[in-house]
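Below: the structure, in structure tokens.
The values are calculated or read from the model by the stated rules, or taken from the named source; none is laboratory data. Bear in mind the structure is a predicted one, so any value in this text is a computation, not a measurement. Methodologically, a virtual Cβ is constructed for each residue, glycine included, from the backbone with ideal geometry; neighbour enumeration extends over all protein chains shown.
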Amino acid sequence: MKNKLLIIGASGHGKVVADIALKMNKWHKMAFLDDDESIESAMGIKVIGKSSDAFTYINDYDIFTAIGNNEIREKFQSRLETAGASIPVLIHPDAVLGEQVGLKTGTVVMPGVVINCCTRIGKGCIINTGATIDHDSVIEDYVHISPGAHLAGTVRIGKGSWIGVGSMVSNDIFIVSGCMVGAGAVVVRDITEVGTYVGVPARMA
Ligand SMILES: CC(C)(COP(=O)(O)OP(=O)(O)OC[C@H]1O[C@@H](n2cnc3c(N)ncnc32)[C@H](O)[C@@H]1OP(=O)(O)O)[C@@H](O)C(=O)NCCC(=O)NCCS
């Protein structure tokens, strides 16, 4: 771990990520990278370059990819990993994590989240505000669990899937990689075919 943190992305998601990092109180200095030249700073934290500049900062900064899109986040984080970057896990102090919860690099856990015991979260995941994930679940790499989504126990979410705001996933459910579960959907059957699912019960849109 280094004593400076560089956050790629200074938009809404990047700001929430910065807020969590500030509350963790582990880094003496923070900066953003963003490709939008009109953004000079966010939350009083300077934008010091574009996303492609990240590689020049690898020796001095921990680097966190704060990009909401799962595929783009994976692309950036994978390139940073290959280049040997130090990539932290960010956990808001007001998140509740059970025993034997594992979290891999580049994952952010936002305020009000509850992750119950024995759940494994992959790398580059977003566990967004107030989401809950119950016991023995597996969240694969680059998944986004949106604000207020609730996942019951022993759920498995495949790589890169996006679980929408306020949705629910019943216990023992499997959702294949690359899916979109819409806002407010209730998933009560396994989803084995890639697609967008909405409604109660959730069906392919
Ligand atoms: C499911 C979703 C991806 C569809 O987006 P889209 O492809 O742009 O779809 P549209 O908005 O064009 O809607 C298409 C149709 O699906 C319906 N629909 C869209 N989202 C729906 C949802 N969540 N539940 C039920 N119906 C939905 C629309 O009403 C519309 O119906 P109509 O054709 O009868 O008018 C999107 O609506 C959604 O739920 N996104 C989740 C956002 C989220 O979780 N954000 C969190 C950010 S941190």
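Are any of the residues in the stretch 72-88 assigned to a strand (DSSP E or B), touching a residue at least 24 places away in the same chain (Cβ under 8 Å) and within 14 Å of L6 (Cβ to Cβ)? Before you say what the answer is, go through the steps one by one.
Just the residues of the stretch 72-88 that are assigned to a strand (DSSP E or B), to begin with: 86.
Still in the list and also touching a residue at least 24 places away in the same chain (Cβ under 8 Å): 86.
With the extra rule that they be within 14 Å of L6 (Cβ to Cβ), the set shrinks to 86.
Yes - at least one qualifying residue is present in the stretch 72-88.
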*If you go through the stretch 170-180 one residue at a time, do you hit one that is within 16 Å of the ligand (Cβ to nearest atom) and polar (S, T, N, Q)?*
no
*Restricting the search to the stretch 50-68, which residues are in contact with a strand residue (DSSP E or B) (Cβ under 9 Å, 6 or more places away or on another chain), free of Cβ contacts under 8 Å to residues at least 60 places away in the same chain and assigned to a loop (DSSP other than H, G, I, E, B)?*
K50, I58, D60, Y61, A66, I67
_Residues (surrounded by fewer than 19 Cβ atoms within 10 Å (Cβ to Cβ), of a type in the set (A, V, I, L, M, F, W, C) and not in a loop (DSSP other than H, G, I, E, B)) located in the stretch 98-117_ = V114
_Going through V113, V101 one at a time, which residue ends up being within 16 Å of the ligand (Cβ to nearest atom) and outside the structural domain of F64 (by TED's automatic domain parsing)?_
V113
*If we keep just the residues of the stretch 181-203 that are more than 11 Å from the ligand (Cβ to nearest atom) and farther than 20 Å from P147 by Cα, which is surrounded by the most Cβ atoms within 10 Å (Cβ to Cβ)?*
I191
*Residue list for the stretch 72-90, filter: under 14 Å from the mean Cα position of the chain (by Cα) and within 22 Å of L22 (Cα to Cα)*: R73, Q77, I87, P88, V89, L90
*Just give me the residues in the stretch 97-123 being of a type in the set (D, E, K, R) and either more than 16 Å from K159 (Cα to Cα) or touching a Leu at 6+ places or on another chain (Cβ under 6 Å) (or both), in sequence order.*
E99
*Might you let me know whether the stretch 195-203 holds any residue that is part of a strand (DSSP E or B), within 19 Å of the chain's Cα centre (by Cα) and closer than 19 Å to I126 by Cβ?*
no
*Go through the stretch 132-159 and give me each residue that's touching a residue at least 60 places away in the same chain (Cβ under 8 Å), surrounded by 23 or more Cβ atoms within 10 Å (Cβ to Cβ) and assigned to a loop (DSSP other than H, G, I, E, B).*
Y142, V143
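Would you call A95 surrounded by 14 or more Cβ atoms within 10 Å (Cβ to Cβ), in the same structural domain as R120 (by TED's automatic domain parsing) and modelled with pLDDT of 95 or more? Reasoning before the result, please.
Details: surrounded by 14 or more Cβ atoms within 10 Å (Cβ to Cβ): yes; in the same structural domain as R120 (by TED's automatic domain parsing): yes; modelled with pLDDT of 95 or more: yes.
So A95 passes the test.
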